[in-house]
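Here is the structure we will look at.
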Amino acid sequence: MTALEKAFAEAAAAGITQQKIDIGGLRVNVARFGKGPPLLLLHGWPEFWLVWRPLMLRLGDSFELIAPDLRGCGDTGKPTPGPDASATAERHALDMFAVMDALGHDRFGVIGGDLGAYVMQAMSHRQPQRLTGTLYLCTPYPGLGHRYGQPGHLIEVWYQYFQQLPWAAQLVGSSRESCRLYFRHFLDHWSGDDPAVFGELLEAYVDNFMKPGNIQGGFDWYLSSAPNRRLWLEGKLPAQPRIDVPSRFLWGRRDPLIAPEWSDRLKDYWSEPSIRFVETGHYVHAEAPGIVAEEASGFFGKLINRADAR
């Protein structure tokens with residue numbers, strides 16, 4: 001049994017199920033657990049649904065947790081065999097609405113960070129009426145502006161350019177050792193250089209990325225988002241209306257990728273954002289699942305109670 005198979009077996013023993021949902025030519029793998037109002041959990045890169053297991057087990061008594069593998073990731077289908085520049089935030093958003101349609105959920109809350117946070121923003125602009133609320137974790141957003149590409153920060157974002165190269169995935173996946181070395185860097189460094197956060201799951205992550213197409217599937221996000229990322233670095237990204245969906249932010253004080261002080265422009269992009277800083281790195285949900293569960297219970301609980309009172 002591989003490390004990934006063992007992790008899946010442990011999740012299944014705890015009651016987490018996985019199923020495949022067909023949506024317009026894409027077969028999406030979805031993990032589900034719990035009962036109650038639905039919460040959609042959107043992972044970032046380099047993650048897949050398994051990163052949500054600790055949070056799912058904490059919230060399952062109060063919510064139905066739905067954790068898909070995003071397009072190109074985990075056990076979700078790979079639309080093209082090679083690099084695919086169509087995996088934009090908007091495409092991911094349409095995928096997620098289709099998944100929730102298939103599950104019979106018209107309104108739902110969303111939790112996510114990193115890539116998932118981009119998808120949440122796209123969902124909020126496209127169909128805000130379907131979202132009860134959004135809980136963001138260490139969030140990239142246009143307000144980062146040129147700061148994200150300033151010389152002192154290039155050492156943190158180099159991978160976003162490397163992963164656009166057509167041979168990058170082949171190089172990273174040329175051996176299990178190279179795959180482990182590459183992804184261990186992001187898992188450990190972004191969690192505050194604490195190897196204990198993902199230590200027990202490292203081999204499961206390597207198993208996941210050594211599956212055919214999974215490295216390129218994740219890299220496709222950086223290929224697809226490159227044009228908009230350049231526009232925001234240049235201050236030329238077309239403005240969009242502020243997001244009115246109730247939004248709560250958790251931000252790691254030790255996040256090396258998205259500095260907590262760069263949350264200063266949230267009010268330019270969300271109507272009424274609220275924020276809490278926590279003593280974590282980039283992976284708030286993996287480093288402090290208890291805090292995220294507490295925040296999710298309070299935030300979504302109030303929104304659901306308010307809606308029921310109307």
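The values are calculated or read from the model by the stated rules, or taken from the named source; none is laboratory data. Predicted, not measured: the structure shown is a model, and the values here were computed from it. Glycine gets a Cβ as well: all are built from the backbone with ideal geometry, and neighbour counts include every protein chain shown. Remember, those area values only see protein heavy atoms, side chains included, never the ligands or the DNA or RNA. Shrake-Rupley method; radii C 1.70, N 1.55, O 1.52, S 1.80 Å.
Tabulated results
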| read-out | value |
| --- | --- |
| Estimated translational D of the stretch 227-310 in µm²/s (Stokes, Kirkwood radius over Cα pairs; 10 °C; 1.306 mPa s) | 107 |
| Distance between the stretch 66-83 and the stretch 223-272 - C-alpha centres, whole angstrom | 25 |
| Accessible surface of residue 73 - all protein chains present, 1.4 Å probe, nearest 10 Å² | 10 |
| ³J(HN,Hα) computed for each position of the stretch 54-60 - Karplus, 6.51 cos²θ - 1.76 cosθ + 1.60, integer Hz, glycine/proline x | x, 6, 4, 5, 7, 10, x |
| Karplus (6.51, -1.76, 1.60) ³J(HN,Hα), θ = phi - 60°, over the stretch 123-128, in Hz, Gly and Pro reported as x | 5, 5, 7, 7, 9, x |
| Exposure of residue 171 as accessible area (Å², to 10), given a probe of 1.4 Å and all protein chains | 90 |
| Loop chymotrypsin sites (Phe, Trp or Tyr not before Pro), the stretch 166-229, which have at most 15 other Cβ atoms in a 10 Å radius of their Cβ (DSSP) | 167 |
| Accessible area (Å², 1.4 Å probe, nearest 10) - residue 268 | 80 |
| Residue 270 long-range amide H proximity, modeled H, under 5 Å | 243 |
| 5 angstrom amide H check on residue 132, placed H, neighbours 5+ away | 108, 109 |
| 1.4 Å probe accessible area per residue over the chain, in Å² | 42 |
| D (Stokes-Einstein, µm²/s), Kirkwood Cα radius, the stretch 3-305, 1.002 mPa s at 20 °C | 111 |
| Heavy-atom accessible area ranking, 1.4 Å probe, most first, across 70, 154, 223 | 154, 223, 70 |
| Reach of residue 20 by Cα under 16 Å, taken over aspartates and glutamates that are not fewer than 8 positions away in the same chain | 69, 75, 95, 101 |
| Carbon and sulfur %, accessible surface of the chain computed with the full protein complex present, 1.4 Å | 53 |
| Qualifying aspartates and glutamates (Cα of each under 14 Å from Cα of residue 302; at least 8 residues distant if same chain) | 294 |
| The stretch 154-255: GluC sites (Glu not before Pro) in DSSP coil with no more than 15 other Cβ atoms inside 10 Å | 234 |
| Antiparallel DSSP beta bridges within the chain, as percent of all bridges there, nearest 5 | 30 |
| Cα centre as origin, Lys/Arg/Asp/Glu Cβ charges: the chain dipole, Debye | 660 |
| Partners for residue 6 among aspartates and glutamates (Cα-Cα distance below 12 Å; same-chain residues under 8 apart left out) | 200, 203, 207 |
